[in-house]
Number of protein chains: 4
Amino acid sequence: MDYQEIIDRIYREVQPLTAQGKVADYIPALSSVDRNNLGISVHHIKGEKYGVGQVNIPFSIQSISKVFSFTLAYEAVGEAIWERLGKEPSGTAFNSLVQIEYEHGIPRNPFINAGALVVADIILSNYRYPWREFLDFVRNISNDDTINSNEEVARSEKETGHRNAALAHLMYGFKNIKNPVEEVLDFYFMQCAIEMCAESLSRSFLFLANHGVVPYSGEALLSLSQAKRLNALMLMAGLYNESGDFAYKVGLPGKSGVGGGIVAVFPKNLSICVWSPAINEYGNSVAGIEALKRFTSYTEMSVF
Amino acid sequence: MDYQEIIDRIYREVQPLTAQGKVADYIPALSSVDRNNLGISVHHIKGEKYGVGQVNIPFSIQSISKVFSFTLAYEAVGEAIWERLGKEPSGTAFNSLVQIEYEHGIPRNPFINAGALVVADIILSNYRYPWREFLDFVRNISNDDTINSNEEVARSEKETGHRNAALAHLMYGFKNIKNPVEEVLDFYFMQCAIEMCAESLSRSFLFLANHGVVPYSGEALLSLSQAKRLNALMLMAGLYNESGDFAYKVGLPGKSGVGGGIVAVFPKNLSICVWSPAINEYGNSVAGIEALKRFTSYTEMSVF
Amino acid sequence: MDYQEIIDRIYREVQPLTAQGKVADYIPALSSVDRNNLGISVHHIKGEKYGVGQVNIPFSIQSISKVFSFTLAYEAVGEAIWERLGKEPSGTAFNSLVQIEYEHGIPRNPFINAGALVVADIILSNYRYPWREFLDFVRNISNDDTINSNEEVARSEKETGHRNAALAHLMYGFKNIKNPVEEVLDFYFMQCAIEMCAESLSRSFLFLANHGVVPYSGEALLSLSQAKRLNALMLMAGLYNESGDFAYKVGLPGKSGVGGGIVAVFPKNLSICVWSPAINEYGNSVAGIEALKRFTSYTEMSVF
Amino acid sequence: MDYQEIIDRIYREVQPLTAQGKVADYIPALSSVDRNNLGISVHHIKGEKYGVGQVNIPFSIQSISKVFSFTLAYEAVGEAIWERLGKEPSGTAFNSLVQIEYEHGIPRNPFINAGALVVADIILSNYRYPWREFLDFVRNISNDDTINSNEEVARSEKETGHRNAALAHLMYGFKNIKNPVEEVLDFYFMQCAIEMCAESLSRSFLFLANHGVVPYSGEALLSLSQAKRLNALMLMAGLYNESGDFAYKVGLPGKSGVGGGIVAVFPKNLSICVWSPAINEYGNSVAGIEALKRFTSYTEMSVF
């Protein structure tokens, strides 16, 4: 299959969609991103890479970082992680407090905000230099030493992130956050503020397409079974309240962020990242979703 | 791969689990089923079939029938079906009224009870002889003319099904049920009371493993894309509130019923039905879930 | 105090408000009522009566009937009634199903629809000729033998009352409705369709201003303590989701209906009924609320 | 009426109830209070006072302080206070986050925790020396200069008060808390930690029985209409989720705290405070509720 030709075609076809939707504007640093950006990067587990458009411009990965933090926490505590997290889809607004109350402080899954806060708390408890080790982990799996978090973005997020603060305090009360709330929030906002380009993001997800093993280094981050399970989690809950629709139309495990990035994997084959900053009402990139839908349609690469 | 050997092994391994859980007892006709039953049936799209245990004893398929009724309704109205149904996971109790109120009469997906009632309503509106055509459809895709609905079970279900009556009345008020509530309930309870054996159930799901085409007849029930989408829906919402856990541990699209049956498909390969009457707190067969978990573990046949 | 002068003044002052709000239009028989109607009727426990405007035109009393049915059921079973009903304010939409699910079939209080359905069920179980005895009771306490229910209204209500049907089925499932759902609904809709004029309504509430005793007949319907308690219930929950605001601004126990009637009592003194068909978003008469607010303001007759 | 005789009798009758219920134990400083304490204090607006038992031992007034803070905020901003607060009963758990989310940051009423946090925020914005002026206000209306807040209690409350922190952060996000969350919480916990004896508490509520005017000083804190409205609010929502039951059984506006105090007023007559530390599942003093029920029963002093 000629991947380059396919993504070139998709690039042309979805470019008009970059005019639709709205760039995230709850903090200044995000709202100033140029909505005309569009990049598609594909990495095959055998080593080839393909790209078109703005694949080397770093952008704010936001919720995509939840896959990285979950992986790191899962490595540390294994299946015990499920004592503090559910693995069911959320069914409600992605940052709702309601569910936390009804389910006594246990978030539905690691990809809603509440779940990611618990994951951050687990990292704080299980790593000696949590932030350093987290950043190294992300740089390592993406093979990109230039990656950093944007501290201004992290600060802005914290200033507007009162709902996340409410979630953290509530779960602290339920004893499902154990480190000081401030520290958990600081880690979480730093993690979301990581900036990566589409090419590095695509590369960083290769281990999920390759049964837990980083293909170019041979490093096993997760077992075969764990990697499959993480893919299942992404399929259930990776695109906020549009996860069902994404599974229906695209049919691949994926994770999105309000910075306009979406990464998806086709197990045993490849990972793909699309970046286009304008997002829909669910927080997902308009052009990104359409690009991935066309990709699985043209390549018949759905898991179903 | 020697499927017969694998399912024989699983049969031996999970048999002790038939002593766990509880046979559904909300109606007499279900509670009298012998909990020692255990049957596993596999059909490959190329024609081979494998079986072990009680694969020829008919049992009440209950919610598994929702896949059949959805397929028939989807054939009739196509993507317009989504004007009356969501395709997101439910996130709450499988027969809850709360969500219907908050979302103005639109059920979250076709596999919760509310969704299946809307599907029944669509069949009533789009087929001249709804029940006859539905039953013929089920007999046809399973290649089993002996299949029938148990009227005593249907009657008992109706007598205890006040929550379904409440759902139907509520959606009628929201104009998302258009036929008389009594008729919709009658159809729905008859549909759930269909009795099939594991072998016929396994065979009936082959079209979902074969991209919409019934392999032994060549009949195309759904397009490639529609079949994939139905698989995605099952993965998101096929096992009540345990769907996420099933996707996580088993990794296949599947559908369960409180009669103790679970059917799953591995796309482009095979379908498998396990039947063991005792169910867990979520309404899913205890031995059935474990059998399928082992099947995908031994065969590495997860979609992820 | 010159009550006639006071209500004449209020009549003039609030008449412009009859142009605000909207006449209930969910059934034809209600929507055809002339919105220009305005009537105020006061009865003192010592026997005097005062009236202005359309106080002798019968109108649909709707939810005001819940006070009558509760009184009859309370007479029959006493404090045991609280095994099947709460006495707390509802806090949510007046006909919501959510609360019934979370509180296992027990309605919050007798004045929400679910509560009134349970009350109807209690009457059906405790009176030999439920409808006959209920109608006689209403005629008796209002000293008006011409009172009847409008069967066309009852029929229309039933045809549109799917939410009430849903509530009844749900509570039947929780075993808090014991008679056939159809019978409970029929009784309930007949009860709501009773037509009375403002003067008769005002007179009928006198026993609540007179500690349980009908003043002109001396008949004790309730004990002193029971009458006070019923007043407390009305203050907490008599005006749907506007009950708190009514207590705040008017300060009297009262009960409203979507037909535009509101009846209130000032204990040890008088009862007052205002009728003006146009209602606000909460289902309460716009002019009626303002008239009562002015009444307690001019007379300083609030219970607080 | 011989009030002293009546409260002496009640004191004897309810003393056995001090053995029921449970002293609040979520912070050490509260759990160490002797459950055998029982005090009843009555003040008539004409100047007489009556007392029996431990009426001069200061205890933690907790939520009773919400009446004081609301009065101070209401004095400052008048009816504009309702732009930021509802006046309907809550209908759910007294510190639930659910309602705040669904109603966009507006608490149901000033007596649930969320409402009291908004009230604290209003005081912080409208008084130059908020804490000093609040404390002076409480001392002034109770004519007791010895009153203080227990800083150890306030500190302990803050350490365990994660749900209140969650509420405050959430409302800050909805822009219904405008001062820094930390300052609002500090004020709130200091306010709840005020310690007063039953006699001072009873005296401090006299202005609510006297139409807004402190009887012994003649100072008008609120207008007649405002005082009535505050009484209405207390009746609707003064005893957490037991408010309806209290209105039903006692029939007076009142406010309780988890320290075991309850204060009630009979308008135009008197105020009464009962203190007994052991509380029921709703957070209200077991002996206190029974004492007040008997008081209105023996004196027929219900507002209904």
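Since every read-out is calculated from the coordinates, none of them should be taken as a lab result. Just so it is clear, the model here is predicted, and its values are computed rather than measured. Positions of Cβ are backbone-derived with ideal geometry, glycine not excepted, and every protein chain shown enters the neighbour counts.
Under 8 Å for C-alpha pairs, at least 6 residues apart: give me the relative contact order for the stretch A:1-123, rounded to a whole percent. Provide the component values of the computation, followed by the final result.
Numbers: 116 pairs, mean separation 23.1, N = 123.
Once normalised by length, the contact order is 19 percent.
Show me the three semi-axes of the equivalent ellipsoid for the protein assembly as shown, from the C-alpha gyration tensor (sqrt of 5 times each eigenvalue), largest first, rounded to whole Å.
So the equivalent ellipsoid measures 58, 39, 27 Å along its semi-axes.
Say we join alpha carbon atoms closer than 10 Å with springs in a Gaussian network model of chain A; which of A:Phe207, A:Phe137, A:Phe70 then has the biggest fluctuation?
Residue with maximal mean-square fluctuation among A:Phe207, A:Phe137, A:Phe70: A:Phe137.
For chain A, list log₁₀ I(q)/I(0) at each q in 0.07, 0.13 Å⁻¹, using the Debye formula over Cα point scatterers of equal strength and ignoring solvent, two decimals each.
So the normalised log intensities work out to -0.23, -0.84.
Arrange the peptides B:98-109, A:189-200 so that the one whose residues have, on average, the most other Cβ atoms within 10 Å appears first.
A:189-200, B:98-109
Could you check which residue among A:Gly257, A:Gly39, A:Gly86 shows the biggest mean-square fluctuation in a GNM of chain A with a 10 Å Cα cutoff?
Taking springs between Cα atoms under 10 Å, the residue moving most is A:Gly86.
Calculate the radius of gyration of the Cα atoms of the stretch D:63-192 to one decimal place, then report Dmax, the largest Cα-Cα distance, as a whole number, both in Å.
13.9, 42
Between A:Pro267, A:Pro89, A:Pro180, find the one with the highest GNM mean-square fluctuation for chain A; connect C-alpha pairs within less than 10 Å.
Looking only at A:Pro267, A:Pro89, A:Pro180, the largest GNM fluctuation is found for A:Pro180.
Before anything else, pin down the relative contact order of chain C: Cα pairs under 8 Å, at least 6 apart, normalised by residue count, whole percent. Don't jump to the answer; show the numbers that get you there.
Numbers: 612 pairs, mean separation 83.5, N = 304.
About 27 percent, as a whole number.
Could you sort the peptides D:60-69, A:43-52 by per-residue average Cβ neighbour count (10 Å cutoff), highest mean leading?
Going from most to least packed, we get D:60-69, A:43-52.
Using a 7 Å offset from Cα along the direction of the beta-carbon, what are the separations from D:Lys46 to the same position in each other copy, nm, ascending?
Those separations, rounded to one decimal, come out as 2.3, 10.2, 10.4 nm.
Hey, if you put +1 on the Cβ of every Lys and Arg and -1 on every Asp and Glu Cβ in the stretch B:37-93, which of B:Asn37, B:Pro89, B:Phe68 ends up farthest toward the positive end of that dipole?
Farthest along the dipole direction, towards plus: B:Asn37.
Would you tell me the mean number of C-beta atoms belonging to other protein chains that fall within 10 Å of each C-beta in D:220-230, as a whole number? Walk me through the numbers on the way to the answer.
Details: counts 0, 0, 0, 0, 4, 8, 0, 1, 11, 6, 2.
Neighbouring Cβ atoms belonging to other protein chains average 3 per residue here.
Can you give me the angle between helix D:3-14 and the longest principal axis of chain D, using Cα atoms only, in degrees from 0 to 90, rounded to the nearest 10?
So the inclination is approximately 80 degrees.
Find how many whole Å separate the alpha carbon centroid of the stretch A:237-256 from the alpha carbon centroid of the stretch C:152-176.
A separation of 39 Å, based on Cα centres.
Shielding of A:161-174 by partners, i.e. mean partner chain Cβ atoms within 10 Å per residue?
Mean inter-chain Cβ contacts per residue within 10 Å come to 6.
One decimal, nm, shortest first: give the distances between the label point of C:Asp2 and those of the same position in the other copies, each label point 7 Å from Cα along Cα→Cβ.
Copy-to-copy label distances for C:Asp2: 4.7, 10.0, 10.9 nm.
So which of A:Lys87/A:Lys255; D:Lys87/D:Lys158; C:Lys66/D:Lys293; C:Lys175/C:Lys255; D:Lys22/D:Lys158; B:Lys175/C:Lys158 end up more than 25 Å apart by C-alpha? Present the calculation step by step, with values, prior to reporting the outcome.
Values: A:Lys87/A:Lys255 15 Å; D:Lys87/D:Lys158 27 Å; C:Lys66/D:Lys293 27 Å; C:Lys175/C:Lys255 28 Å; D:Lys22/D:Lys158 22 Å; B:Lys175/C:Lys158 15 Å.
Violating the 25 Å limit, Cα to Cα: D:Lys87/D:Lys158; C:Lys66/D:Lys293; C:Lys175/C:Lys255.
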